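Below: the structure, in structure tokens.
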Amino acid sequence: MESISVFDMLKIGVGPSSSHTLGPWRAAGRWIDELKSEGHFENIESITVDLYGSLSLTGKGHATDIAVMLGLSGFDPVTFPIENMDTVISAITNTGKLKLNGEVEIGFLPKENIIFNRNFLDFHPNGITFNTFLKDGAKESSTFYSIGGGFVVKEDRKREKKKIEKFSHFPFPIEKATELLSYCKTEGKSISQIVLENEESLCVPVEIDSKLKDIWEVMLNSMYTGCHTEGKLPGGLNVQRRAYDTNKTLLGEANYSNAQEWLETIRNTEVKFRQILKWVSCFALSVNEVNASLGRVVTAPTNGSAGVIPSVLMYYLVIENHDAGFEEIKKFLLVSGEIGSLFKKGATISAAMGGCQAEIGVSSAMAAGALTELMGGTPEQVLMASEIAMEHHLGLTCDPIAGLVQIPCIERNAMGAIKAINACEMALDGDPAHAKIPLDKVIETMWETAKDMNSKYKETSEGGLAVKVSLSDC
């Protein structure tokens, strides 16, 4: 049984894509570790990087080449100062040199050393192979797969086997929603309490709180940054940022100086129904505008869907409960992370495998369930809300124009957030005993739909809106 931590589902990283940016970045770091463990690192003459399938087809728009170079340079996506990105990449491009892991300088020409192969590898659509040419003439190659949400595996999945062994002492091992619900019933606990006990088997409570506070801080700051940055997004589509204007329209000339003061200002502003819709959309758009400009966000469960969970949590804080604090934020993140893990174990969170239902659909289900617990819903209603949210995202395709995580990706976060809130309300008003479709069944259906979906609609930019609109049209 595969056990997944909340902190696997909610990762701090850099946009625009968890599978195309964060994953390859992490893969480059793991490859360097391999080189060192095998004694090859000091004997490297040169390297090349092969990108396959979706990583190749939409890699330019998703900044995969940039992520690879930053990973090869030894930077950490959690701590790397994103304002230094252009400087680092320009230095590599202009000098033709790359300092591998910040230690060994090698010749590196991005246009020649990073190869975009249109063909797909068998194991997963997001394949990346690192090739090492040693001073003695030998060549070593290592292939990784970015399977969504920043998760990176090798075909033999040795690391996954170790991870399963590591987590085998979870007090409540969970593979399906029915098992989660069973634990809640037998233990008389909420979903967040069950999840917290699992997390406490991995680290002490103070560390859990610290990590969750870091995650919320990045979420809040990404919303704040997006709401206070104007202009157009990079990439050539000339997409106008909208969160800035919406925030300014709703708040007027209010005075505040940081993200927390901004949150409190919104709490103290009278909000009517139409404004609630505008605020939720604004929060979601803001995060994904930051993501599209290679800013720092939290995968939730992916970068492309990073705006849904923070916007729904923000909705709870500024609309539903002005007295809410860290304890409510903690519960929300714990529940959402667990629901996301159910989808990863039973289906996929990779758009390259399942289309956008695997990103926005999953994030909406995560947010719907988490909000339902905070609103006083039972565990049964939590799972009911998640099912409702996903049911109405089934079949959603991934067809980014020009391979950029902008159109239709940014707006879809706002739509996913609104659906999550609506799903929560329907679940709270409903009786789970009369529900016709359990969450496990909708997860199974999502996976079957993913397998049936034409590959054109799985993050390849070869179908849908991606072939109807081009850069030249913009």
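Here are the numbers for this structure:
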item	result
Filtered residue count, segment 209-233, keeping only those that are of a type outside the set (D, E, K, R), surrounded by fewer than 19 Cβ atoms within 10 Å (Cβ to Cβ) and without any contact (Cβ under 8 Å) to a residue 60 or more places away in the chain	3
ASN131 at pLDDT 95 or above and outside the structural domain of GLY340 (by TED's automatic domain parsing)	yes
Wholly enclosed helices (runs of 4 or more DSSP H) of segment 269-382 bearing at least 2 residues under 30 Å from ALA433 (Cα atoms) and under 14 Å from the mean Cα position of the chain (by Cα)	308-315, 326-346, 360-374
Selection status of ALA243, closer than 15 Å to ILE410 by Cβ and in contact with a Ser or Thr (Cβ under 6 Å, 6 or more places away or on another chain)	yes
Any helices (runs of 4 or more DSSP H) falling wholly within segment 1-95 and containing at least 3 residues that are of a type outside the set (Lys, Arg) and within 21 Å of PRO400 (Cβ to Cβ)	23-37, 54-57, 64-72
Matching residues in segment 180-207 - criterion: being within 16 Å of LEU374 (Cα to Cα) and at pLDDT below 95	none
Those residues of segment 361-400 which are in contact with a Cys (Cβ under 8 Å, 6 or more places away or on another chain) and farther than 18 Å from MET446 by Cα, in sequence order	LEU371, THR372, MET375, GLY377, PRO379, PRO400
Among (1) more than 21 Å from ASN126 (Cβ to Cβ); (2) surrounded by 15 or more Cβ atoms within 10 Å (Cβ to Cβ), the one test that TYR52 misses	(1)
Residue match in segment 467-474 (condition: free of Cβ contacts under 8 Å to residues at least 24 places away in the same chain and either among the hydroxyl-bearing types (Ser, Thr, Tyr) or surrounded by 24 or more Cβ atoms within 10 Å (Cβ to Cβ) (or both))	yes
Residue match in segment 462-474 (condition: modelled with pLDDT of 95 or more, of a type in the set (Val, Ile, Thr) and in contact with a helix residue (DSSP H, G or I) (Cβ under 9 Å, 6 or more places away or on another chain))	no
Counted residues, segment 410-431 - those being free of Cβ contacts under 8 Å to residues at least 60 places away in the same chain and surrounded by fewer than 19 Cβ atoms within 10 Å (Cβ to Cβ)	8
Filter result for the condition that a residue is at pLDDT below 95 and either of a type outside the set (Asp, Glu) or within 25 Å of SER286 (Cβ to Cβ) (or both), over MET1, MET69, MET9	MET1
Filter result (in a loop (DSSP other than H, G, I, E, B) and touching a strand residue (DSSP E or B) at 6+ places or on another chain (Cβ under 9 Å)) within segment 96-135	GLY96, PHE108, ASN117, ARG118, ASN119, PHE120, LEU121, PHE123, HIS124, PRO125, LYS135
Out of ILE360, ILE407, sole residue that is touching a residue at least 12 places away in the same chain (Cβ under 8 Å), surrounded by 24 or more Cβ atoms within 10 Å (Cβ to Cβ) and under 26 Å from MET219 (Cβ atoms)	ILE360
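The values are calculated or read from the model by the stated rules, or taken from the named source; none is laboratory data. In this text, all values refer to a predicted model and were calculated from it rather than measured experimentally. Using ideal geometry, Cβ is built from the backbone for each residue, glycine included, and neighbour counts are taken over all protein chains shown.
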